[in-house]
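K.L.:
Input: one structure, supplied below.
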Amino acid sequence: MMTDHGQLPALIGGHVVLDLVNTVSWRLDPQRTIDRLPDFPTLLAWSHRAGLIHGAAADAVARAAAGDRIAAERSLRAARRLREGVHEVLGGVAEGGVPAERGLRAIQPALVDAVRHAVLGASAPVHWHLAPRVPADLPRLLALATLQLLQSGDDLRAVRRCRGSGCGWLFLDRSRSHTRRWCSADDCGNRERVRRHYVLTRAGAGRQASSGRHPEEAAHPAGRSARSSS
């Protein structure tokens, strides 16, 4: 898998955990697969952009990471392991409605560790909370968000996989008809429209060639010019 130190991926998942999974681009096409989290600073920047961590907490984690690069690298690997396990779990949900058991076993240690370091908030509905201070708290925050998603029946039932060839991104389908197919209509949706147009154009050209008629004549069976008004 290649890594990319450039632009952060779009946040189209509808949930931070799905956006985490989507930090791998072209997941289903091994020739194009790219990991968008190449290092800890990128993970921290993505976490801030995704709303997982804010302001002073992000600054504190950045300082701690600068002072302990080994801990930062360990936390990056933990976030990536969680990401891959969550992808397996939610991929099963998106394809068949059932969380993949192997994926659940893979992420269980991360969920247990996160809860062990968290406290229950004193507001309804009750959620686990963790004040991030060190690099290891980033994968813990992601694990708590994963637990919240897995316990949310409505959101879990809405998980879908983009139907774009090779894409593999996941999202929550909150469309009224529950028929959303693409991660983005402007990305994979547009790519599919272009592909279909190309196929239809090629098929039309083939039919015209086999008939031995000029394309303009084939478009106007009566032999009338397209410019004619009569």
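Read the figures in this text as sums done on the coordinates, not as results from a lab. Note that this is a predicted model, so its numbers are computed, not measured. Don't worry about glycine lacking a Cβ; one is built from the backbone with ideal geometry, like all the others, and counts go over all protein chains shown.
K.L.:
Within the set of other residues whose C-beta is less than 13 Å from the C-beta of Val21, count the net charge using Lys and Arg as +1 and Asp and Glu as -1. Kindly include the intermediate steps, with their values, before the conclusion.
P.N.:
Numbers: positive: Arg27, Arg36, Arg80, Arg81, Arg83, Arg160, Arg161; negative: Asp19, Asp35, Glu84, Glu88.
Taking every Cβ under 13 Å from that of Val21, the sum is +3.
K.L.:
Each residue of segment 93-108 in order: what ³J(HN,Hα) in whole Hz does its phi give by Karplus 6.51 cos²θ - 1.76 cosθ + 1.60, θ = phi - 60°, with x for Gly and Pro?
P.N.:
Taking θ as phi minus 60°, the curve returns 5, 5, 8, x, x, 10, x, 5, 4, 4, x, 4, 5, 5, 8, 4 Hz for segment 93-108.
K.L.:
Under the rule a/c < 1.5 gives rounded, and otherwise a/b versus b/c splits prolate from oblate, where does segment 2-173 land using the Cα gyration tensor?
P.N.:
Working: a/c = 1.76, a/b = 1.16, b/c = 1.51.
Oblate is the answer for segment 2-173, as a/c is 1.5 or above yet b/c matches or exceeds a/b.
K.L.:
What is the packing order of peptides 16-22, 143-149, taking the mean over residues of other C-beta atoms within 10 Å and listing the highest first? Display every interim value, and only then the final one.
P.N.:
Numbers: 16-22: 25.0, 143-149: 22.3.
Ranked by mean Cβ neighbours within 10 Å, highest first: 16-22, 143-149.
K.L.:
While we're on this one: Would you mind working out the magnitude of the charge dipole of segment 33-170 relative to its Cα centre, with +1 at each Lys and Arg C-beta and -1 at each Asp and Glu C-beta, to the nearest 20 Debye?
P.N.:
Details: 18 positive and 13 negative charges, 28 e Å.
Dipole magnitude for segment 33-170 comes out near 140 debye.
K.L.:
Quick one: order Ile107, Ile70 by neighbouring beta-carbon count within 10 Å, fewest to most. The partial results should precede the final answer.
P.N.:
Working: Ile107 22, Ile70 8.
Result, fewest neighbours first: Ile70, Ile107.
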